[in-house]
1. If the requirement is being touching a helix residue (DSSP H, G or I) at 6+ places or on another chain (Cβ under 9 Å) and either within 16 Å of the ligand (Cβ to nearest atom) or modelled with pLDDT under 90 (or both), which of these qualifies: ARG323, ARG340, ARG329?
2. Select from segment 498-520 the residues that are more than 18 Å from VAL454 (Cα to Cα) and open to solvent by less than 80 Å² (accessible area, probe 1.4 Å) and list them in ascending order.
3. Within segment 1-11, which residues are free of Cβ contacts under 8 Å to residues at least 60 places away in the same chain and surrounded by fewer than 16 Cβ atoms within 10 Å (Cβ to Cβ)?
4. When segment 469-492 is examined, which residues are found to be within 14 Å of the ligand (Cβ to nearest atom), surrounded by fewer than 22 Cβ atoms within 10 Å (Cβ to Cβ) and either within 16 Å of HIS506 (Cβ to Cβ) or in contact (Cβ under 8 Å) with a residue 24 or more places away in the chain (or both)?
5. From the list VAL104, VAL33, VAL57, VAL111, which one is at pLDDT below 95 and more than 35 Å from the chain's Cα centre (by Cα)?
6. What tally of residues in segment 417-451 results from selecting those that are free of Cβ contacts under 8 Å to residues at least 40 places away in the same chain, more than 16 Å from THR483 (Cβ to Cβ) and within 13 Å of the ligand (Cβ to nearest atom)?
7. Among the numbered conditions (1) more than 12 Å from the ligand (Cβ to nearest atom); (2) open to solvent by 20 Å² or more (accessible area, probe 1.4 Å); (3) not in a helix (DSSP H, G or I); (4) not charged (D, E, K, R), tell me where ALA414 comes up short.
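The values are calculated or read from the model by the stated rules, or taken from the named source; none is laboratory data. Keep in mind the model is a prediction, meaning the values are calculated, not measured. As a convention, Cβ positions derive from the backbone with ideal geometry for all residues, glycine included, and neighbour counts pool all protein chains shown. Just the protein is used for accessible areas: all its heavy atoms, side chains included, with ligands, DNA and RNA removed. Shrake-Rupley method; radii C 1.70, N 1.55, O 1.52, S 1.80 Å.
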Amino acid sequence: MIGLISATSAGQRGCEHLAAAWPDEVRVYDGPVREAVGRAFAECGQLVVFLATGAVVRLIAPLLRGKDTDPGVVTVDETHQHAIALLGGHGGGANELAQRVADVLGCRPVVSTATDAAGVPGLDMLGWPVEGAVAAVSRAILDGDPVRLDTPHGVHPLPALPPNVTAATDSDVSLTVTDRATSDDAAAGTTVLLRPPSLVVGVGGSRGVPADEVLTLIGSALADAGLSPGSVAALATVDAKADEAGIVEAAGRLGVPLLTFGADRLAGIDVPNPSDAPLAAVGTPSVAEAAALAAAPGGELLVPKRKSAPAEGPAMATAAVARRRPRGRLAVVGLGPGARDLLTPRAREELRRASVIVGLDQYVDQIRDLLRPGTRVLESGLGAEEERARTAVEQARAGHAVALIGSGDAGVYAMASPALAEAADDIDVVGVPGVTAALAAAAILGAPLGHDHVSISLSDLHTPWDVIERRVRAAAESDLIVTFYNPRSRGRDWQLPKALSLLAEHREPGTPVGVVHAASRPDERSEVTTIAALDVTTVDMVTVVTVGNTATRNVAGRMVTPRGYRWQA
Ligand code: SAH
C-alpha cells in the first residue's frame, strides 16, 4: 500500500492525481500531518509526501527503525517539479516509486543512491537487453574496480565507459557484448551480458504457416546454435511473403521489424542450401538464407537453413540466422545558439550516448561538462570542416557511437551535409535539430519571420559572389524576409552593404532591420533599425541580420511582420 499525505491544496491535488492513477494501490491519510505521517509510516510499505523535504526529514526522523523495515519515502515539492526518493531507495523501492510519481505528475525524479544515479554507464540508455550479474558488475564499475570489456564480435556503438572498464585487464568481472547465449563467467555471477542487435533471422513459409510454427522454429534454431533471442534485430523474408500473416505476427511477437527483399535480389546471393521449391514458388532458390544474408551486409551465416518440425502435417517454415557486422552510429547534433537552456534534452542525451565527440573546439567547450567521463574528444580549429566530417564518418564506420556537433542547427551552414555526403548506408545516422541563429535572433527581435522568409549566407569563401547576388536579388524581387548569416568579417566587409542595396531596390529605406549579436550568449546585443540607418560596422561574424519585407513594421521597438490574415489587414 502507498500512503499519500499532503498539507496544502496543491499537495491535495497531487494526492488526487496519484489516487486516480493507481486506485488499487493507495490510501490517502488526512488530518494533521505529523499524525498522518506516523500512521502511514506504520501501515504502508511506501509513502508519497507532498511537503518540503526538510519538513519530512523532521517528521520521519523519530520513526526510523532500520533499512530492512522502514518504508520507502518519496517527497514532492509544492510546485510538483521534483519527486525525490528520500528514504529506502532500493529496499523500500523509493527510487522506482519516484520514477512512477514523476511519470504521473510530469515532474523529474530525483534519485541519489549511487547505482541508480550513475547506472551502469550508458547501458540503460542503449535499449539493448542486459542479462547476468548486473548488480555485481555495476558495483565494480562504480567502485573503479577493474572490469574487463569483452566485445568478441567487433566494436559496438557503446557510450563512453569509465577508464576502469577496458579490454586490457584480466579481471574476472566483465562486461561482455555478445549474442552468444551464455558464458561461464555469466554463470559464475561475475559477468553482465549486453545483447547487441546483431542477429537477423531469415524466414520462409508456405501460405498459411502458423505464427507458432515460425516462432518455435526460430527458438530452436537459436537455442541449438547457442544464440540469444535478445540479440535478434529483425526477421527477413522475400517480398512475396511480406503479408504472410504467420510471419508478420511472429515478427510482431518478437518485437522486431520484418524486412523484405525482392526475389531477384535474393536470387543473386550465394547460399549454401539453394533448392528448387522456392524457385518455383517465389522466384528465388533461397528465401531464408538469402534474406538473412541480404539483411546482414558483410555479415556471416551462423545457422544454415532448417525446417520446422510440426507435431503433425508437413513442415511449413524455414529459418536461417546471420550475424550483422556491428553498425556504428553517427548523431549529428545541433547545440543551439549558445545558452544552455536552448540546448534540447535530446541533444544532451545524444552527447551522453556517444563515446566519440567530433567538433570545432569552441563548440566542444560549450558542452564539455555534459560529456560522460571517458568520452574521446576529437576537436579541431576553424576551417577543417571536410576533415571533421571525414573523421566523424570514419569513427562511426569503425563501429563507434559518434556525435558530430555544431552550433545552432548542425544542418544549417554546418557539418551535416559534408558528413552525410561521405556516409554510406553501413552506419546509422541520427539527426538532432537545434535552434538555429535565425530563430534565436527572431525571438529576440520580435516577430520578424511571420511570413515567407529565407536565409542567405554572405560568405563567398565557398560560394561564388554572383550566385549569392542572384539569390539576394530573387529574395528582393519576391519580397521575402531575409536573414543574413556570415554577414561580415574583417576580410569581407563590402558584401553586406551590397546585399542591402539590392534589397533597397524593392523596399523602402525605412524597412525594419534587426541586428542580433551573440544571441543567447552573455555578450548578446540586439538592435532594431532600418535599411537606411543600419551601421554595418556593428555587424560581425557572430551576428545575424534580418531584413523585413515590405509589410514589416517596427511596433514598440519590436520587429513585426504581419501574418497576412485578412482580419489583420
Ligand atoms: N549552424 C549555425 C550557423 C553556422 S554559420 C546555426 O544554425 O545557427 C555561422 C553564422 O551563424 C555566424 O556567422 C552568424 O551569422 C550566425 N550565428 C551563429 N550563432 C549565432 C548567435 N548565437 N548569434 C548570432 N548569430 C549567430
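1. Answer to the selection: ARG340.
2. PRO509, GLY510, HIS517, ALA518, ALA519, SER520, listed by residue number.
3. Within segment 1-11, MET1, SER9 qualify.
4. The initial filter retains those residues of segment 469-492 that are within 14 Å of the ligand (Cβ to nearest atom), namely 482-492.
Add one more test, that the residue is surrounded by fewer than 22 Cβ atoms within 10 Å (Cβ to Cβ), and what stays is 485-486, 489-492.
Of everything in segment 469-492, those that are within 14 Å of the ligand (Cβ to nearest atom), surrounded by fewer than 22 Cβ atoms within 10 Å (Cβ to Cβ) and either within 16 Å of HIS506 (Cβ to Cβ) or in contact (Cβ under 8 Å) with a residue 24 or more places away in the chain (or both) turn out to be TYR485, ASN486, SER489, ARG492.
5. Values: VAL104 fails: more than 35 Å from the chain's Cα centre (by Cα); VAL57 fails: at pLDDT below 95; VAL111 fails: more than 35 Å from the chain's Cα centre (by Cα).
Just a single option satisfies the conditions, and that option is VAL33.
6. Total meeting the criteria: 2.
7. (1)
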